[in-house]
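Here's the structure, in structure tokens; my notes come after.
The values are calculated or read from the model by the stated rules, or taken from the named source; none is laboratory data. These numbers were taken from a predicted model, which means no experiment stands behind them. Quick reminder, even Gly has a Cβ in these numbers, built from the backbone with ideal geometry, and neighbours come from all protein chains shown. We work out accessible area using only protein heavy atoms, side chains counted, and drop any ligands, DNA or RNA first. Shrake-Rupley method; radii C 1.70, N 1.55, O 1.52, S 1.80 Å.
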Amino acid sequence: MSGTALAPAYLVRAASLAYRPRQPNREVLHQLVCDHFETLRARVADRREGQGLPTFVDRAFREFLTCGSLAGGFARFRCRACGLDRLVAFSCRGPGFCPSCGGRRMTERAAHLADHVFPRVPVRQWVLTLPPRLRYLLAFDHAACRAVTAAFLSAVFAWLRRRARRQGVARGRAGAVVILQRFGSALNLNVHVHAMVVDGVFVSDGAGGVRFRPLDRAGAGDEAEMADLLAAIARRIARRLARVGREEALGVDAPDPWAEAEPALASLAAASVLGVGATGARRGVSVRRWGAARDRPEPPPAGAWHARRHGFDLHAALVVPARARDRLERLCRYALRPPVGQDRLQVMSDGTVALELRRRWADGTTHVIFEPVELLERLAALVPRPRVNLVLYYGVLAPRATWRRAIVPGGSRAASETSDGSADGARRRPNPAWADLMRRSFGFDVLACPRCAGRMTLIALIRSPAVVERILRHMGLPTEVPRLGPSRDPPIWSDELNDRDGS
């Protein structure tokens, strides 16, 4: 890239005024999809002899363009005090990378877990990171993903029961909510497990009730104990994978069912796991980094509540006290967050896209730099397959657990709850209003009138295309949903020009 210096070779320093945003953050992702998605489709089809992206990935990108577009329909709000009107566009509700819809799901599900699932007991977060080969497999094979998750939780539950027996508590039962994350901080495909596990066990009180016995943390979680637990987790995962016919999944030369079923998406996923480009001139080239150059550090030693083994990484140092419900909800929001926020993306004057990392990496990296199609490759690999549930319930919090009714808040309704935690039939809990969730989570009142501080109320939902076009035309607003731009030729990067000049 022009205007940059490389020191060391794997890190790009910020040394040029060329890295200056040229458009507002809120428009970056929509514009990138409009301008470059057709280019991605063409590159993938060329490489795979006409076998392009699967339908569900193509649909995720196209529906994302309609999210927030008034031309696709809107809700009309009016302030009763001053008569101010406000139009709010419908969302796409896509399950993939949409920051707006992902933020809504994050807020709603976190509030549900804190209010209606977790009892008022301590909750510990167990995070299991998997070897790259297993990340790639689980992104495609949900049966294998559930097998790995069940093996992980069974080992943690067995550990909790052993600790409880040392405290004189027999026949205890544990519970957990598992959130499967598919992405890493650099938008790389990184399937890993966030398990919110009650930090103790439930036991019968002998009178038909249930009481909670917290974990005695004295001496728990030391380095040797966590290493033994991670070894047990790895063994159980290998056995569970064998049960579902994926016994070779951890081997380098294992068969690749994904490449046979979806070759185009498999190539994007493999490149994303490895952190390299999948198509075009940057195929097989590592992602560029931007930040203060440092020597590549050695991994810090694993301490308490942390262990590493053969590509597995287990971390469980974070525990939320029983009464800290706001902290529990924030933890759930963190695990449920969408892959990327609009405020982290910037388009630079040379056409590249900078993604700001949530935390500085150990080598000093603060941003990763993508060619636009390279960014869309990462997003395509993150779109989950249809009808895949990324929030799972285990132990006493499972939907059909015998003790669930006595444990979860509002237990009188718990017996009829479904697998997603909501009650079915006539006892279904009403979904919370989005305005209430925004006020609760971010302290922002979306229904406050900006002119007179009165209250905005919903007066109509406008879906008819003819009515939508008439209203928008009268207000001088765009009447068409953004359209995809044509495919483009691959760019010539500055390092390629320098090579040509040198020759």
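Charge tally around TYR394: other residues with Cβ under 13 Å, Lys/Arg +1 each, Asp/Glu -1 each, net +4. With all protein chains in place and a 1.4 Å probe, the accessible surface of region 258-369 carries 50 percent carbon and sulfur. Once the C-beta distance of ARG455 and ARG325 is scaled by a Förster radius of 35 Å, the resulting FRET efficiency is 0.80 to the nearest 0.05.
Pairwise Cα separations in region 109-232 fall into 10 Å bins from 0 onward with the following percentages, short to long: 11, 37, 33, 15, 2, 0. Each Lys or Arg adds one and each Asp or Glu takes one away; over the other residues whose Cβ falls under 14 Å from the Cβ of ARG325, this sums to +3. Approximating the spin labels as points 7 Å out from Cα along Cα→Cβ, the GLU469-to-HIS315 distance works out to 5.3 nm. Loop-located GluC sites (Glu not before Pro) in region 37-134 (DSSP state not H, G, I, E or B) with no more than 12 neighbouring Cβ atoms inside 10 Å: GLU49. Within region 336-366, the trypsin sites (Lys or Arg not before Pro) that combine a DSSP coil assignment with at most 15 other C-beta atoms in a 10 angstrom radius are ARG358, ARG359, ARG360. Towards the positive end of the charge dipole of region 127-229, with charges on Cβ (+1 Lys, Arg; -1 Asp, Glu), say which of VAL127, GLY208, ALA164 has the farthest Cα. The residue sitting farthest along the positive end of the dipole is GLY208.
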